[in-house]
Amino acid sequence: MGILRDRRTLSWIERVALLIAVAYLGLHTVPRAWTKLNTDFPNYYLTARLAHEGYDTSRVYEWIWLQREKDHRSLDIPAVGMIPITPFSTLVIWPLTAFPALAAKHVWMIANLALLVPLCWFFHSLTGFSHRRIALVLAFSVPLQRNLLYGQFYIFLLVLIVAACWCYVKEHYVLSGALIAVAAACKIFPVLLVVLLLRRRNWRALAAFAVTGIGTAALSIAVFGWNMHRTYLYQVLPWALHGEAMPPYIPSAASISGILHYLLLPEPQWNPHPWHNSPLLYALLQPALPMLLLAPAVLLIRRNDRTPERIVLEWIGLLTASLAISTIPASYNFVIMVFPVCVLAALLVERGMKGRLIALIVAYLGIGFPMRAPGQSMGPAILFFTPRLFLMIAVLVGIYLLLWRNPRAQSAAADWSRYAWASFMAAAVLLNVHSTLQREQTVRQE
């Protein structure tokens, strides 16, 4: 009787919490998002509209030129910018360019809300989690609300990633590889999921990824021309990978790159007095720390274990690692964490690990909560103002522990390819250290 009463109480708590969260979404977030453009929807919309109107888009990545085009079309927003957005991602907005900007955003918001329905279905199919609890995870996602407010892209991206995982689990490998390629064409970080295909030697999925990737590139070049893509590949992407596509000295973004910039690299206007002026230390830590976080996600993949639980855990391990090491994370990016949290919560509930479940809930809410950096230089104390990064690392460590302690994985035959992957990653770090040090020394000389 006591257990039954506890379950009924928990059910009522879940229902009340869901009602409050949905009411906040419907009465606060949606009305605010509906009445103005905010940012970042106009970035996608303007570029797609320029292409739709037949304009030469080779200068889209030039800030001043794009502001003038924005003004000519009377977009009611102070500034727009394509950096570091991929050209292909704007094509998703192409069908909406027939509408005025605000009306197009309305359609985009409705489409994003509609995408939550298949998203819940995929989560339920992959985890067995109840629809109410999945809805709770979604409703309490501050990044999801930011996506709606800004007209951002990440709900659509999340659907692509989760659908690709579902297809892989159901052995629809060709479709899974194709969906990963589309996701990577929209935003760069899903390309790390290809590592899972390589480690598991799934050649059908890899072939589908390659063919679809070539197709998305060809389509994007056909629409926007080669010059825009050349600018992206040679100017935008390298600086984005270094964490410098946007102002890098703002640690509130909670990236490893941003914190290292703030602590170690001087810049006359942005960061005149770093805690310790050392480009050498920066060059050592900038490649090494992200690789230390990513390496377990790669090395813990077990080709011989094809159970759905193992595959999904490996999938969310790579996904969470890619977000943790992102060089330009924004608050709305972390709507992607809905996927790992649903998977982990379902496992912890099934195994009766209440303490870890509570810790997961706290970490999830903390990851989504926006933090402002102080207006004065603080040195290492700035780490207290970047809790998102450490909460992400904590969730990532939890995933690695589940992968490490999997009995089936421990009894599997030794996979000697792990040593080759470890050697490759170590070599990549050394090469990156050398190139980063050269670049920083050249910047200092200039």
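Here are some notes:
- Yes/no for residue 269 being out of contact with any Ser or Thr (no Cβ under 8 Å at 6 or more places or on another chain) and either assigned to a helix (DSSP H, G or I) or modelled with pLDDT of 90 or more (or both): no
- Scanning region 288-304 for residues that are touching a residue at least 12 places away in the same chain (Cβ under 8 Å) and surrounded by fewer than 19 Cβ atoms within 10 Å (Cβ to Cβ) gives 288, 289, 291, 295, 296, 299, 303, 304.
- Answer from 206, 233, 263 - the residue that is open to solvent by less than 40 Å² (accessible area, probe 1.4 Å) and farther than 22 Å from residue 383 by Cα: 206
- Any chance residue 409 is outside any loop (DSSP other than H, G, I, E, B), open to solvent by less than 20 Å² (accessible area, probe 1.4 Å) and modelled with pLDDT of 90 or more: no
- Filter result for residue 216 (under 14 Å from residue 88 (Cβ atoms), open to solvent by 20 Å² or more (accessible area, probe 1.4 Å) and either in contact with a Leu (Cβ under 6 Å, 6 or more places away or on another chain) or hydroxyl-bearing (Ser, Thr, Tyr) (or both)): no
- Residues in region 60-92 that are touching a helix residue (DSSP H, G or I) at 6+ places or on another chain (Cβ under 6 Å) and of a type in the set (S, T, N, Q): 89, 90.
- All of (1) open to solvent by less than 50 Å² (accessible area, probe 1.4 Å); (2) among the acidic types (Asp, Glu); (3) without any contact (Cβ under 8 Å) to a residue 12 or more places away in the chain hold for residue 69 with one exception: (3).
- Criterion: at pLDDT 90 or above and under 20 Å from residue 247 (Cβ atoms) - qualifying residue of 110, 77, 83, 64: 64
- When the helices (runs of 4 or more DSSP H) confined to region 177-243 are screened for residues that are of a type in the set (Phe, Trp, Tyr), those reaching at least 2 such residues are found at 203-224.
- Options 83, 110; residue that is of a type in the set (Val, Ile, Thr), within 30 Å of residue 214 (Cβ to Cβ) and open to solvent by 20 Å² or more (accessible area, probe 1.4 Å): 83
- Count - residues of region 326-358 that are over 23 Å from residue 133 (Cβ atoms) and more than 10 Å from the chain's Cα centre (by Cα): 1
- Considering (1) within 23 Å of residue 236 (Cβ to Cβ); (2) of a type in the set (Phe, Trp, Tyr); (3) open to solvent by 40 Å² or more (accessible area, probe 1.4 Å), the lone condition that residue 99 does not fulfil carries the number (1).
- The residue pairs whose first member lies in region 430-445 and is at pLDDT 90 or above, whose second member is open to solvent by less than 100 Å² (accessible area, probe 1.4 Å), and whose beta carbons are closer than 6 Å, counting only pairs six or more residues apart or on different chains, are 432/287; 433/283; 433/284; 433/287; 436/283; 436/286; 437/283.
- Any chance residue 312 is open to solvent by less than 10 Å² (accessible area, probe 1.4 Å) and either more than 16 Å from the chain's Cα centre (by Cα) or on the phi > 0 side of the Ramachandran plot (or both): yes
- In region 25-37, the qualifying residues are those that are assigned to a helix (DSSP H, G or I), in contact (Cβ under 8 Å) with a residue 24 or more places away in the chain and not small (Gly, Ala, Ser), and the one that is most open to solvent (accessible area, probe 1.4 Å) is 32.
- Selection from region 38-57 of residues that are outside any helix (DSSP H, G or I) and either of a type in the set (Phe, Trp, Tyr) or within 28 Å of residue 221 (Cα to Cα) (or both): 39, 40, 53, 54, 55, 56, 57
The values are calculated or read from the model by the stated rules, or taken from the named source; none is laboratory data. It should be emphasised that the depicted structure is a prediction, and the values quoted were computed from it without experimental measurement. Glycine gets a Cβ as well: all are built from the backbone with ideal geometry, and neighbour counts include every protein chain shown. Ligands, DNA and RNA are excluded from the accessible area calculation, which covers all protein heavy atoms including side chains. Shrake-Rupley method; radii C 1.70, N 1.55, O 1.52, S 1.80 Å.
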